[in-house]
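Written below as structure tokens is the structure these notes are about.
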Amino acid sequence: MAAPSEAAVGKRRPFGTRFLTEPGRLFQHNAWDNVEWSEEQEANARSKVQENSSQLLPQDKQEEYEVNANRYWDEFYKIHENGFFKDRHWLFTEFPELAPNRNPTQNEVSGCKCGYKEEPNNEGLASCENGHCSLETRAENQLNLVESTPKFCTQQSANQKHSELKRSDGDYPGSSATYHILEVGCGAGNTVFPILQTNNDPGLFVYCCDFSTVAVDLVQTNAEYDSSRCFAFVHDLCNDQSPFPMPEESLDIVILIFVLSAILPEKMQCVVKRLSRLLKPGGMILLRDYGRYDLAQLRFKKGQCLSDNFYVRGDGTRVYFFTQDELDDLFTTAGLEKIQNLVDRRLQVNRGKQMTMYRVWIQCKYRKPVAPQP
């Protein structure tokens, strides 16, 4: 398979060549960012989406996926534990706000012992993250990580920890810290632990939550979990009666990485408004999520579409594919101001399997306005 032309990939050259091992053989993977799509390619993508969304699931089935959403995510983490995801060390390149005192020349990959291996998923996209290809980013192909097997807390234990959340003015987890980060949809901790390892600010405190009790168990039982710097809790973002452990206007950063897309579209605006209230003036929401016509969207078959650009995977989890304008509207309606809103079109070529994969993600930074001085 020939490599794409310079015109096809824009101004930037390939950002990496990797040699990934499979049982019994070695194959080469190349990737390019800033890929330019032709009108024909975009028309073909639009046609595929029209085809796979022409048959919607019945309303009763859609309601079932909504009601049982937490069960599907619990089953996902029970099956994969922490062996499905890659630590996102690219975070500090894309989102330097997560480690503002970090030396940019330091090694991107710290000595994490979270142990994530390559494995296929049921969509045939090679290793996938929540059904997304694991080749998301430049640094996610670090395959020589040390494997570990965490011990599970019982579901009752995790629920008990959540029910014990207490918050009063000046007395809540992390109340004495000076820099507060919340990751929503923390999964097995693939964002949280790199932050804790890389950001050595003594005033740092990281909150992380997930819809899945099993996922929170994985974080809390990981050897890297440090309750003096981190607090993991179960939380339903779509339930406005579900309490946060921190007060409003206390957070410097909220992280949303491939999370908003898993929420029912009609509930997204309420979720963004809830999160924006947690930000200090000047605080930011950092988002990375699926863009319209990403490979994952094009691979859906008829009968998996719930509504426009919203699908259900084979494991019962759901995913939405955004445009930049949709995200801009969600954040600005919540009173936030745009710092960054860009689309990342990426080409990944697996030469061993003769596969060409076009990925589309959107990356955003939106800030809560600083109150004007009197």
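Structure notes:
- Number of the exception - Glu36 against (1) open to solvent by 100 Å² or more (accessible area, probe 1.4 Å); (2) out of contact with any helix residue (DSSP H, G or I) (no Cβ under 9 Å at 6 or more places or on another chain); (3) modelled with pLDDT of 60 or more; (4) not small (Gly, Ala, Ser): (2)
- Positions within the range 342-354 being touching a residue at least 24 places away in the same chain (Cβ under 8 Å) and on the phi < 0 side of the Ramachandran plot, in sequence order: Val343, Asp344, Arg345, Arg346, Leu347, Gln348, Val349, Asn350, Arg351, Gly352, Lys353
- Single residue of the range 226-277 satisfying the filter (assigned to a loop (DSSP other than H, G, I, E, B) and polar (S, T, N, Q)) that is surrounded by the most Cβ atoms within 10 Å (Cβ to Cβ): Ser250
- Residue within the range 169-179 that is at pLDDT 50 or above, open to solvent by 20 Å² or more (accessible area, probe 1.4 Å), closer than 23 Å to Glu66 by Cα and under 22 Å from the mean Cα position of the chain (by Cα) present: no
- Met284 being open to solvent by 10 Å² or more (accessible area, probe 1.4 Å) and either over 17 Å from Val184 (Cα atoms) or more than 21 Å from the chain's Cα centre (by Cα) (or both): no
- Filtered by the rule that a residue be in contact (Cβ under 8 Å) with a residue 40 or more places away in the chain and either in contact with a Cys (Cβ under 6 Å, 6 or more places away or on another chain) or under 24 Å from Val49 (Cα atoms) (or both), the range 237-268 gives Ile257, Phe258, Val259, Leu260, Ser261, Ala262, Ile263, Leu264, Pro265, Met268.
The values are calculated or read from the model by the stated rules, or taken from the named source; none is laboratory data. The structure displayed is predicted, hence computed values, not measured ones. Reconstructed Cβ throughout: ideal geometry from the backbone, glycine too, with neighbour counts over all protein chains shown. Keep in mind that these areas ignore ligands, DNA and RNA; they rest on the heavy atoms of the full protein, side chains included. Shrake-Rupley method; radii C 1.70, N 1.55, O 1.52, S 1.80 Å.
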